[in-house]
Amino acid sequence: MLANLWEDFKKFLLRGNLLDLAVAVVVGVAFNAVVQSFANDIIMGLVGAIFRQPNFNSVVAHIGHGRVHVGNFITALLNFVIVALACFIAIKSFETMQRLRRGPHVEEEIPLTMDQQFLQEIRDLLKTQAGGRS
């Protein structure tokens, strides 16, 4: 029983999709570091040069006796937009490179589901029957 469990565990570990997932996590962590550096060091550095502060964290609204840290939210929101834009650009660039690699005139053929195959057969039969009566 223990031997079977060990064999099943080895098969699980060596399945292709598990290895793909591990590679995706490692690449994702590295990509996250690049995007965070771009957002914090480049873009927020430009913000610091323009507004004379590296971020908006010091912006505070005083309401009565309380303080609302609006700047933290603005900084977080700006970082989110920068990260989302960087991810969008990276994904679009990757898709463009994939399309160029396949060639300009190659269209990806999507396999039909069983339902779609049956519907095509029914359509063809109906065309054949309609053609025979005319």
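Quick notes
Each row is one residue, and each column tells you yes or no for (1) free of Cβ contacts under 8 Å to residues at least 12 places away in the same chain; (2) farther than 27 Å from residue 27 by Cα.
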{"position": "51", "(1), (2)": "yes, yes"}
{"position": "78", "(1), (2)": "no, no"}
{"position": "89", "(1), (2)": "yes, no"}
{"position": "113", "(1), (2)": "yes, yes"}
{"position": "116", "(1), (2)": "yes, yes"}
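- Residue in region 120-129 that is more than 22 Å from residue 29 (Cα to Cα) and surrounded by 11 or more Cβ atoms within 10 Å (Cβ to Cβ) present: yes
- Within region 4-27, the set of residues being surrounded by 10 or more Cβ atoms within 10 Å (Cβ to Cβ) and among the small types (Gly, Ala, Ser) comprises 22, 24.
- Count of region 14-33 residues which are closer than 15 Å to residue 83 by Cβ and touching a helix residue (DSSP H, G or I) at 6+ places or on another chain (Cβ under 8 Å): 1
- For region 88-105, the criterion of being assigned to a helix (DSSP H, G or I) and of a type in the set (Gly, Ala, Ser) is met by at least one residue.
Values in this text are rule-based calculations from the coordinates and carry no lab data. Small disclaimer: the values here were computed from a predicted structure and weren't measured. Cβ coordinates were reconstructed from backbone atoms using ideal geometry, including for glycine residues, and neighbour counts include every protein chain displayed.
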